[in-house]
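Have a look at the structure below before the remarks.
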């Protein structure tokens, strides 16, 4: 279903690309699209579960940094873009019942409930943009593969039924680049912020750095150390542990494209605001 | 010459302590005095050498971060404190001729020349205060010894006759603390800023981490990495290499106590301003 006009769409504004996705004309992974604008991980939950999930995100800001939260039952997400309809503006959705994947769809208008709350969680694309802008190589992008991700023994703070351990992504760097990467990502708390660990993988429960639990392995060169950031897969693990009656997420790689400039996330101009979840 | 009133003086304002030092009533190392206020490394040079030294500091901000520079021939240092007389307000001075130490004195009024320019360079006391405030242990302070310092193979940018390699100080930490220490010190560029290296000492030309070139050795524990910050001894090495006809510095440990709150260095409130050196 790849669209022959994708190369044009990549250069469109976020609103234009969302419009194409909404109309069903376009279906693709969103990596590299609308460069310079943040993309987000989506989690939709019924209100009674949303309260605990909100607590979970606020208590675990590194793996679950909130970019936007919707009002109850409202498919708009003004914190992420003026015209968003969260029921149609993501290219592919996954539907979970009791924590089990039951369907993958391109539109959730028929599934929408008045109790639904949408959570948009920041994604490492924005900080990888900032690292590359600073001249720091990002290995998996250089190699054209997915970032390696690992389960760890770092416990999340629990909230209701939501609990689990951090999943982390790994990027190998020389120490001097790692120091600069820590400085840069520390300024971007809405997209995972600074790393949670560097160096010895065993110290956070990773037994084999060459065998990621998700994504692709990348080599760690001589004089490099693996640097580990909290990863947006963490809330998916917590969701699987909580087993809510229904939950909807984006499909991996098929993100919501927002109107939030990556530069606003780096400069601190972006402000997160939380609606009342009544 | 230790003063029986030192315990009272430690609690005085910076101006009060400088007044006691100026009047000759007080002579001591300044570590721990006027807590909460920055202390500085002093370098005094004739104007013709000061131009190159200024370039050297500006080109090497990590080892030589400038807190204040005087006007030519003016013993005041308003950027560091309202009432400073740099000829008398440091407890002990070292006098160098052609890069060789020739004298150590408590007052330099008789040596003062109309061409002299004073440079005040930030000191790690301020960032160690910030680390401890954040609950991060600083090993050499815990052990009650001097920080270990090492010569490296990291070249300074040269300026005229001023050149040499970085000297670094080392503090061992667990990676999670090191990440936070990098975040904190990155906000304090006037007191050496973020580290220049962590991990493998050999990568920056240090052959034996247990044998510092200056200061005292401290142990690096299991699960810890050595973290290396650029050190204020670096400009002393550059001075020894440049061999100016005369140079005056503070004696090691006998610093200028400034009116600059450590908190201003952390928050970015402190502003460095440079006078014309005509």
Going by the structure shown, is residue A:105 buried (at least 18 other Cβ atoms within 10 Å of the Cβ) and modelled with pLDDT of 95 or more?
no
Looking only at the stretch A:198-208, and only at residues there that are in contact (Cβ under 8 Å) with a residue 40 or more places away in the chain and either within 23 Å of residue B:62 (Cα to Cα) or buried (at least 18 other Cβ atoms within 10 Å of the Cβ) (or both), the one that is nearest to the other protein chains (Cβ to nearest Cβ)
A:204
What residue, among those in the stretch B:1-29 that are at pLDDT 90 or above and outside any helix (DSSP H, G or I), is surrounded by the fewest Cβ atoms within 10 Å (Cβ to Cβ)?
B:23
Of the residues that make up the stretch B:134-146, is at least one at pLDDT 95 or above, assigned to a strand (DSSP E or B), closer than 24 Å to residue A:177 by Cβ and touching a helix residue (DSSP H, G or I) at 6+ places or on another chain (Cβ under 8 Å)?
no
Residue that is modelled with the highest pLDDT, among those in the stretch B:261-278 that are surrounded by 11 or more Cβ atoms within 10 Å (Cβ to Cβ) and over 19 Å from the mean Cα position of the chain (by Cα)
B:267
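Out of curiosity, is residue A:182 surrounded by 18 or more Cβ atoms within 10 Å (Cβ to Cβ) and either within 14 Å of another protein chain (Cβ to nearest Cβ) or touching a strand residue (DSSP E or B) at 6+ places or on another chain (Cβ under 8 Å) (or both)? Walk me through it before giving the result.
Values: surrounded by 18 or more Cβ atoms within 10 Å (Cβ to Cβ): yes; either within 14 Å of another protein chain (Cβ to nearest Cβ) or touching a strand residue (DSSP E or B) at 6+ places or on another chain (Cβ under 8 Å) (or both): yes.
Criteria met by residue A:182.
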Of (1) buried (at least 23 other Cβ atoms within 10 Å of the Cβ); (2) farther than 27 Å from residue B:144 by Cβ; (3) touching a helix residue (DSSP H, G or I) at 6+ places or on another chain (Cβ under 9 Å), residue B:63 satisfies every one except (2)
Evaluate the following for residue A:164: is it surrounded by fewer than 20 Cβ atoms within 10 Å (Cβ to Cβ) and either in contact with a strand residue (DSSP E or B) (Cβ under 7 Å, 6 or more places away or on another chain) or touching a residue at least 40 places away in the same chain (Cβ under 8 Å) (or both)?
no
Per the filter on the stretch A:186-195, residues facing chain B (nearest Cβ under 7 Å) and in contact with a strand residue (DSSP E or B) (Cβ under 7 Å, 6 or more places away or on another chain) are A:195
Identify, please: which residue in the stretch B:101-116 is more than 20 Å from residue B:29 (Cβ to Cβ) and in contact (Cβ under 8 Å) with a residue 24 or more places away in the chain and is, among those, nearest to the chain's Cα centre (by Cα)?
B:116
With criteria (1) buried (at least 21 other Cβ atoms within 10 Å of the Cβ); (2) over 21 Å from the mean Cα position of the chain (by Cα); (3) more than 10 Å from chain B (Cβ to nearest Cβ), residue A:175 comes up short on (3)
Looking only at the stretch B:66-76, which residues are surrounded by 16 or more Cβ atoms within 10 Å (Cβ to Cβ), in a loop (DSSP other than H, G, I, E, B) and in contact (Cβ under 8 Å) with a residue 60 or more places away in the chain?
B:70, B:72
Could you tell me whether residue A:159 is modelled with pLDDT of 95 or more and either buried (at least 19 other Cβ atoms within 10 Å of the Cβ) or within 29 Å of residue A:259 (Cβ to Cβ) (or both)?
yes
Given the conditions (1) under 19 Å from residue B:68 (Cβ atoms); (2) surrounded by 14 or more Cβ atoms within 10 Å (Cβ to Cβ), which single one is not true for residue B:252?
(1)
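The values are calculated or read from the model by the stated rules, or taken from the named source; none is laboratory data. These numbers were taken from a predicted model, which means no experiment stands behind them. Virtual Cβ from ideal backbone geometry, glycine too; neighbours counted across all protein chains shown.
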